[in-house]
Amino acid sequence: MADRAHLFSMLWTILIGFFVGVLARWIKPGEQPMGWIMTALIGVGGSVIATLIGQNLGWYEYGDKAGFLASVGGAIVLLVIYEAIKPRIVRKELPGDHE
């Protein structure tokens, strides 16, 4: 029974993370070409960032989770960081890939 509850908790976190990521991408100007998996990861990561910052600033008690709006804010911050790092990831040239 506990395994089933844990599974539903994880699925719920991913689903909410997806919606947080979609909202963050909608709010932040510019084009963010990424798939739905990366969108969900940005949303879940934004929630984690918001929770950690909120706990360190005393907004949340240990064990509390960030609210929806704080999660969106964290996802926007993570999206900006992702866009700053992404151009630096260079694809290695494959043999025979010369023009």
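The values are calculated or read from the model by the stated rules, or taken from the named source; none is laboratory data. These numbers were taken from a predicted model, which means no experiment stands behind them. With ideal geometry, Cβ positions are generated from the backbone for all residues, glycine too; neighbour counts draw on all protein chains shown.
Pairing residues of region 29-50 that are more than 15 Å from E83 (Cα to Cα) with residues that are surrounded by fewer than 19 Cβ atoms within 10 Å (Cβ to Cβ) and of a type outside the set (D, E), at Cβ distances under 6 Å and at least 6 apart in sequence or on separate chains, gives A40/I14; A40/F18.
Kindly provide the set of residues from region 59-77 that are within 15 Å of I16 (Cβ to Cβ), in a helix (DSSP H, G or I), of a type in the set (A, V, I, L, M, F, W, C) and touching a residue at least 12 places away in the same chain (Cβ under 8 Å), ordered by number. Selection gives F68, A70, V72, A75.
Okay, residues lined up against (1) at pLDDT 85 or above; (2) among the β-branched types (V, I, T):
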{"residue": "L15", "(1), (2)": "no, no"}
{"residue": "V20", "(1), (2)": "yes, yes"}
{"residue": "K28", "(1), (2)": "no, no"}
{"residue": "W36", "(1), (2)": "no, no"}
{"residue": "I42", "(1), (2)": "yes, yes"}
{"residue": "G46", "(1), (2)": "yes, no"}
{"residue": "Y60", "(1), (2)": "no, no"}
{"residue": "A75", "(1), (2)": "yes, no"}
{"residue": "P87", "(1), (2)": "no, no"}
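Filtered by the rule that a residue be more than 19 Å from G73 (Cα to Cα), within 16 Å of the chain's Cα centre (by Cα) and assigned to a helix (DSSP H, G or I), region 1-36 gives M10, L11, W12.
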